[in-house]
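These notes are about the structure you will find just below.
Where a number appears in this text, it was derived from the coordinates with a stated rule and is not lab data. Because the structure is a prediction, the values reported are computed rather than measured. Positions of Cβ are backbone-derived with ideal geometry, glycine not excepted, and every protein chain shown enters the neighbour counts.
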Amino acid sequence: MDFKFSTEEETFQNDVNGFLKQELPSDWTGETAYASSDDGWNFNLKMKKKLAEKGWLTLGWPKEYGGMEASIMSQVLFNEQMAYNRAPGIDIWGIKMLAPTLMVHGTEEQKQRFLPPVANGEVQWCQGYSEPGSGSDLASLQTRAEVDGDEYVVNGTKIWTSNGHRADWIILLARTDTDAPKHRGITMLLVDMKTPGISVNPIVNMAGMHEFNQVFFDNVRVPKRNLVGEENRGWYVGATLLDFERSGVQYSAEARRTIDDLVGFIKDNPSSNFDLSGREHLRNRLADMAIETEVSRMISYNIGFMQSQGFVPNKEASICKSFSTEMEQRVAETGMHILGLYGQLTSDSKWAPLRGRIERTFLRHHSATLASGTSEIQRNIIATRGLGLPRA
Amino acid sequence: MDLGFDEVQMLLKNSAREVLEQECPITLVRAMEEDERGFTSELWQNMAELGWLGLSIPEQYGGQGMSFFDLAILLEETGRFLVPGPFFSTVVLSSSILTEYGTESQKSEILPKIANGDLIATVAITEPSATYESNGIQLTATKDGSNYVLNGTKLFVNDAQIADIILVVAKTDDKGDESNGFTVFIVDKNTSGMTITPLDTIASDKQAEIVFESVSISEENVLGEVGKGWDIAKRVIDLGSSAKCIEMLGGADRVLEMTVEYVKDRTQFGRPIGSFQAIQHHCANMATDVEGCRYVAYHAVWRISEGLEAQKEISIAKAWVSDAYRRVCAIGHQSHGAIGFTKEYDLQLYTRRAKAQELAFGDSSYHREIVAQQLGI
Ligand SMILES: Cc1cc2nc3c(=O)[nH]c(=O)nc-3n(C[C@H](O)[C@H](O)[C@H](O)COP(=O)(O)OP(=O)(O)OC[C@H]3O[C@@H](n4cnc5c(N)ncnc54)[C@H](O)[C@@H]3O)c2cc1C
């Protein structure tokens, strides 16, 4: 065993760090909810362009698609640095979801058409999977796509579509065969968000931010050439996400940043009521969080390592997702405890410590254990696929 | 032992629920979050007519003369319905300590007005030091003839924006301690030298900063004795923390109820999600937490109401309920999926308030420390 990164990887990590130091404003505390304000979004677009110029958007892509074919570990390090710095600029749907799917299932024409704009940071994608009636049970989805000549006609609604109000294109799963078993009648379509018949309704989350949406499809016509893979095989096409790193390292990086912010804040305010000396309970709690964060980070590194050895992480990714997102919630909660009465102040308040970031993180992290597979579903996967227990 | 409510108490509880179902719909709760004053005169007058504002005020001052325990029963319902407005500040805190510590003329002047809904009051203890310990009080009151002059800042004062009078805890003796260094003043909102600035908070409740610059208060407006103010402040913290527990219990119970309703209804994989063991365990854990809240909370309130020593019970209750309610909300969110994360769904109204309630009158860390001290460790 050897926990050291290669010199190459370390150099790269420093490059990324240096770049982010230079590009992010000096007082940058990070705005992870950048889709909710125009300023945030514009900054995200600017960063995206710069990352594209560096070639870092396509770090993991094969050379034939203009990528850098960087090692899995370098990708892990890159994502870790980005998350720690709360840097915007990555369109995860375009880069990590659409691209690998097209590389495996796309036609030559689709690759030519869709991959370069993603690599250059010119488009924004979103994911149209969940529906009001289909969350964890995604395969029960009802949005219909019916063939009419050279086109599909789409009717139905998608919900919780992150960045739907900012996106140019949507990766859509729709039902094309209503008689087939539920997994076998689903098709993946790529849909231009400007197509007539699409409307996007904002949904404001409990932290008061507009990040996700409900998207309605009313006789939306989609050319057949935007079909990915085979008709009715969309469920399996959609499951092709395995090519790039899936370490989940961003969770521990985000949590580590929150802890570092808190520690910095405590040190900057000696002998104030944020001083933890003599408050064993909170000191222990913060120490626990630092310990858990390191545990999570190691789980992630191992996933990266497995992938770099050609293994497909499965229960490991689910373990990482459930443990780390629940840990993130505990970290936010600990921060709120440490800030005491000040913790309840929102970012607008002149009295708000760390510009209200802990308060916002606390509220936003209620969704961490839900989005991209709930904790319960992750545990089901660990138990059944991982441990071989019978399915419910 | 009898852990039930008697007939009068049941009547109070049931009628409170009926009234609030009618008069305090969630649309009102939401509107009041956006409202500057945070309450409607209509609901306030209604509560006055029902006798709620004077519930624990003695009859000779226009109240109902009921006990602190009875008041708590009402609070479980106001907590459940998220009743907006200064009920807690005015009735639970201010009217209680005015009754206990006020002079005859203060009581006959103020209490009837509280009971009939004409006067809103609040208590200002905390400062930028953000602690409920006496060493956090820096606001000074200096004697000047027959007046006192107040200088300093109060922070996290509930309902200060709308209060007619504010009961301010000040330091009157620089070298004094809890037994002789603090005094409480009854400060009229129109006194010059006060600047009140609202705070933006997680619960969108109406808290404020109050800056006192040479605010002159007549010695007639001292509450209780000069130098003995920390006893009053301590009493406010005791009443406040135990009563908060009951309010939180009402909210937690409603969150459990909402969640159980939802998981029975929501179908995934062809069956209600409430049929999955994972969700059943979540609900079981919530029910366990709520049950735990109920009896520690009522025990603390009961001891206060009976005039028994209650410090340990109060702190056990506030430490437990603060953590338990937050857990209940968190599991509630988890069981709801994404819909519970939206602003439109009602769950978040409880979650955001649970955090503010957890912080009020000492969070779990603060009270756990007191429990440890009570244990002699
Ligand atoms: C912030 C955020 C962003 C999102 N972004 C997107 C997006 O961009 N695109 C998109 O398509 N979707 C998105 N989603 C949707 C997300 O994928 C779903 O929320 C998730 O799949 C859960 O579905 P649900 O919310 O309908 O909850 P439900 O599936 O209704 O689950 C409710 C509860 O039941 C439990 N449950 C369900 N089935 C089982 C079972 N078999 N065993 C045990 N427990 C079970 C769940 O774990 C959960 O606790 C987002 C969600 C959030 C919160």
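Observations on the structure shown:
- Relative contact order (%) - criterion: Cα under 8 Å, at least six apart; region: chain A: 13 percent
- Gain upon complete extension [B:Asn14, B:Ser275; 0.36 nm per residue less C-alpha separation]: 90.8 nm
- For GluC sites (Glu not before Pro), the sites in segment A:124-233 that DSSP calls loop and that have at most 16 other Cβ atoms within 10 Å are A:Glu230.
- Per-q log10 I(q)/I(0), chain A, q = 0.10 Å⁻¹ (Debye; single scatterer per alpha-carbon; no solvent): -0.70
- All aspartates and glutamates inside 18 Å of A:Lys194 as judged from Cα atoms, apart from same-chain residues fewer than 8 positions distant: A:Glu122, A:Glu151, A:Asp168, A:Asp218
- Rg over Rh for chain B works out to 0.98, both radii taken from alpha-carbon positions and Rh defined as the Kirkwood radius.
- Residues B:Ser89, A:Ser277 arranged by fewest to most Cβ contacts within 10 Å: A:Ser277, B:Ser89
- Projected area, mean over directions - the protein assembly as shown, Cα convex hull, nm²: 36.2 nm²
- Shape category assigned to segment B:288-377 from the gyration tensor of Cα positions, a/c cut at 1.5: prolate
- Dipole of chain A, positive direction: furthest Cα of A:Asn226, A:Gly335, A:Val263, with charges on the beta-carbon: A:Gly335
- Take the convex hull of the alpha carbons in segment A:249-386; its mean projected area over all directions comes to 9.1 nm².
- With the simple spin-label model, which puts each label point 7 Å out from Cα in the Cβ direction, the B:Ile196 to A:Glu230 separation comes to 7.2 nm.
- Shape class of segment B:123-227 from the Cα gyration tensor (axes a ≥ b ≥ c, square roots of the eigenvalues): oblate, since a/c reaches 1.5 or more and a/b does not exceed b/c.
- Segment A:Ser347-A:Thr29, length gained on full extension (0.36 nm per residue, minus Cα span): 113.3 nm
- Sites A:Asp168 and A:Glu280, calculated FRET efficiency, Cβ-Cβ separation with R0 45 Å, nearest 0.05: 0.25
- Taking Lys and Arg as +1 and Asp and Glu as -1, the other residues whose beta-carbon sits under 14 Å from that of A:Gln127 total -1.
- Computed extension gain for A:Ala290 through A:Leu45, at 0.36 nm per residue and net of the alpha carbon distance, reaches 84.9 nm.
- Cα centre as origin, Lys/Arg/Asp/Glu Cβ charges: chain B dipole, Debye: 1100 debye
- Placed amide H near B:Leu167: partners under 5 Å, 5+ positions off or other chain: B:Thr122, B:Val123, B:Ala124, B:Val187
- Residues in segment A:167-184 that a label on A:Thr384 would reach, taking backbone N under 18 Å of a point 7 Å out along Cα→Cβ: A:181-184
- Adding -39500 (n - 2.57) for every DSSP H run of four residues or longer, then dividing by how many residues chain B holds, sets the calculated 222 nm ellipticity at -16000 deg cm²/dmol.
- Look at the alpha carbon pairs under 8 Å that are at least 6 residues apart: their mean separation over the length of chain B gives a relative contact order of 15 percent.
- In Hz, Karplus ³J(HN,Hα) per residue of segment B:126-142 (6.51, -1.76, 1.60; θ = phi - 60°; x = Gly, Pro): 6, 9, x, 5, 6, 9, 9, 7, 5, 5, x, 8, 10, 5, 10, 10, 10
- Signed unit charges on C-beta, dipole axis of segment A:220-313, positive-most listed residue A:Met306, A:Asn273, A:Ser252: A:Met306
- In range of the label at B:Asp2: residues from segment B:303-347 whose backbone nitrogen is under 17 Å from the point 7 Å along Cα→Cβ: B:303, B:306
- By other beta-carbon atoms within 10 Å, ranking B:Thr288, A:Thr369 with the fewest at the front produces B:Thr288, A:Thr369.
- Folded to 0 to 90 degrees: helix B:347-359 orientation relative to chain B principal axis, Cα: 40 degrees
- For the listed residue pairs B:Lys189/B:Lys355; A:Lys158/A:Lys182; A:Lys350/B:Lys171; B:Lys318/B:Lys343; A:Lys111/A:Lys224; A:Lys350/B:Lys234, the alpha carbons are over 19 angstrom apart in B:Lys189/B:Lys355; A:Lys350/B:Lys171; B:Lys318/B:Lys343; A:Lys350/B:Lys234.
- Amide hydrogen neighbours beyond the local backbone of A:Cys126, cut-off 5 Å, H modeled: A:Trp169, A:Ile170, A:Ile171
- Whether segment B:1-131 is rounded, prolate or oblate, judged on the alpha carbon gyration tensor where a/c under 1.5 counts as rounded: rounded
- Taking Cα centre as origin and charging only the Cβ of basic (Lys, Arg, +1) and acidic (Asp, Glu, -1) residues, the dipole magnitude of segment B:1-119 rounds to 140 debye.
- Proximal lysine pairs, segment A:7-90, alpha carbons under 19 Å, eight or more residues apart or interchain: 7
- Charge tally for A:Thr143 (other residues, Cβ to Cβ under 10 Å; Lys, Arg +1; Asp, Glu -1): +2.
- Summarised in one figure, the compactness ratio Rg/Rh of segment A:255-336, Cα atoms and Kirkwood Rh, is 1.12.
- On the principal axes of its alpha-carbon atoms, segment A:42-171 has extents of 42, 32, 28 Å, going from largest to smallest.
- Exposure proxy ranking, count of Cβ atoms within 10 Å, fewest first, for B:Met10, A:Met193: B:Met10, A:Met193
- Net charge over other residues, Cβ less than 12 angstrom from the Cβ of A:Asn201 (K, R count +1; D, E count -1): 0
- Ratio of the Cα radius of gyration of segment A:7-90 to 2.2 N^0.38 Å, where N counts its residues: 1.10
- Counting only alpha carbon atoms, the long axis of helix B:277-305 and the longest principal axis of chain B meet at about 30°.
- Here r is the Cβ-Cβ distance between A:Asn17 and B:Glu220 and R0 is 51 Å; the resulting FRET efficiency, rounded to 0.05, is 0.20.
- Selected from B:Gly307, A:Asn201, A:Leu59, residue furthest toward positive end of dipole (the protein assembly as shown; charges at beta carbon): A:Leu59
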